[in-house]
1. Just checking, how many residues over region 27-64 are at pLDDT below 95, touching a strand residue (DSSP E or B) at 6+ places or on another chain (Cβ under 7 Å) and closer than 28 Å to THR297 by Cα?
2. Mind checking whether some residue in region 131-144 is closer than 20 Å to GLU73 by Cβ, over 21 Å from the mean Cα position of the chain (by Cα) and not in a helix (DSSP H, G or I)?
3. Please identify the pairs in which a residue from region 60-75 that is on the phi > 0 side of the Ramachandran plot has its Cβ atom under 8 Å from the Cβ atom of a residue that is in a loop (DSSP other than H, G, I, E, B), counting only partners at least 6 apart or on another chain.
4. How about region 278-309: which of its residues are in a loop (DSSP other than H, G, I, E, B), in contact with a helix residue (DSSP H, G or I) (Cβ under 6 Å, 6 or more places away or on another chain) and closer than 18 Å to ARG202 by Cα?
5. Among the residues in region 275-293, are any buried (at least 20 other Cβ atoms within 10 Å of the Cβ), in contact with a His (Cβ under 6 Å, 6 or more places away or on another chain) and either under 24 Å from ALA55 (Cβ atoms) or modelled with pLDDT under 95 (or both)?
6. Kindly indicate whether any position in region 239-258 is under 25 Å from GLU129 (Cβ atoms) and of a type in the set (Val, Ile, Thr).
7. Looking only at residues that are among the acidic types (Asp, Glu) and over 18 Å from GLY74 (Cβ atoms) in region 221-251, which one is surrounded by the most Cβ atoms within 10 Å (Cβ to Cβ)?
8. Can you name every residue in region 186-240 that is closer than 15 Å to ALA49 by Cα, over 21 Å from the mean Cα position of the chain (by Cα) and modelled with pLDDT of 95 or more?
Amino acid sequence: MPAWLHAQLATGGKTTRTTRISPTGHLYTTRATENEIPGLLPLLARLLASDPSVATASLCHPSVLHVSKLPREGGFCGYRNVQMLISYLRGARAPGWDALGGGGGGVGGGRGVEEERVPGVLELQEGIEAAWDRGLYVLGREQTGGIRGTRKYVGTPEVAALFAGLGVEFEVAGFHDDERGKREPRTAVGQLVEYVEGYFGRAAVEEADAKVRKTLMPPIYLQRPGHSLTVVGLEVRKDGSRNLLVFDPMYVVSKEMRRLKDGLVRRPQATAPLLKMYRRGVASLSRYRDFEIVELTAPAPPSPAWDDV
């Protein structure tokens, strides 16, 4: 790994602090990191609710950050998706979050992770290596030869090793095209979409008949050949088609989405262009014959999370 990249990863995204006045007249300070954007899920809920082409939609816990890659960093999508799942653990106070900081000692057994930030790529590398040292999911080490201080890709085995090392409950599942020649072969993407629909369908929500079901479910790590994504929801269109709703670390959040999120613009001129970046339909995913997911299985504690955003 080049020295400049190591330094960039050690520093993380540019951070700014802003002092604001609350509705009650109190001063408070917010901290923002350029590639870690909070508050997108409540905005997606608004956009989906106002889109006339959407019949129903379900969204995961609103605490999930959209984490994008930094300039020139290369193939670190796996790490960025792990950061999104960790942002859920931290924001929802889900089982396992205390292993990320405070008394838990931090990822990789080092210093605790600050309350306001997710662990960086180098910290995640240390966490994965520490899990391998304990004999957890060592296939990843055998396949990669080790990842500490490298630009090597990480995928499902490394994600599993990290969460196993942290004591976070999870399950891994795979979806594959059925063998050709079967009378009714099932595609990998069809199985995946059905699974995600059932996953959100079993969530308890206050307004079961609402157009947009706001759940407390964890996001899902999704690995497809050559890339990974974070699944944050699913929508059913009025024409019957279904789309996964994802946060893709390859893309930064658009300026218009940021302005809407921050209340600088009251309503968009059109919802479809804004939602396009977050939609992944069967047609676009059908080129892949294999998918893997990592699902966090311990439920978040009950909370009015959607009321607080």
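The values are calculated or read from the model by the stated rules, or taken from the named source; none is laboratory data. The structure displayed is predicted, hence computed values, not measured ones. Counting neighbours? That spans all protein chains shown, and the Cβs are built from the backbone with ideal geometry, glycine included.
1. 3
2. Step one: list which residues in region 131-144 are closer than 20 Å to GLU73 by Cβ, which gives 144.
Filter once more, so that each one left must be over 21 Å from the mean Cα position of the chain (by Cα): 144.
Now restrict to residues that are not in a helix (DSSP H, G or I): none.
No, region 131-144 contains no residue that is closer than 20 Å to GLU73 by Cβ, over 21 Å from the mean Cα position of the chain (by Cα) and not in a helix (DSSP H, G or I).
3. Sorted first by the residue in region 60-75, then by its partner, the pairs are GLY74/ARG151.
4. Of everything in region 278-309, just one residue is in a loop (DSSP other than H, G, I, E, B), in contact with a helix residue (DSSP H, G or I) (Cβ under 6 Å, 6 or more places away or on another chain) and closer than 18 Å to ARG202 by Cα, namely ALA300.
5. no
6. First, pick out the residues of region 239-258 that are under 25 Å from GLU129 (Cβ atoms): 249.
Of the ones still in play, those that are also of a type in the set (Val, Ile, Thr) are none.
There is no residue in region 239-258 that is under 25 Å from GLU129 (Cβ atoms) and of a type in the set (Val, Ile, Thr).
7. Residues of region 221-251 that are among the acidic types (Asp, Glu), as a first pass: 235, 239, 248.
Filter once more, so that each one left must be over 18 Å from GLY74 (Cβ atoms): 235, 239.
Numbers: GLU235: 26, ASP239: 7.
This residue is GLU235.
8. Once the filter is applied, which keeps residues that are closer than 15 Å to ALA49 by Cα, over 21 Å from the mean Cα position of the chain (by Cα) and modelled with pLDDT of 95 or more, region 186-240 yields LYS211, ARG237, LYS238.
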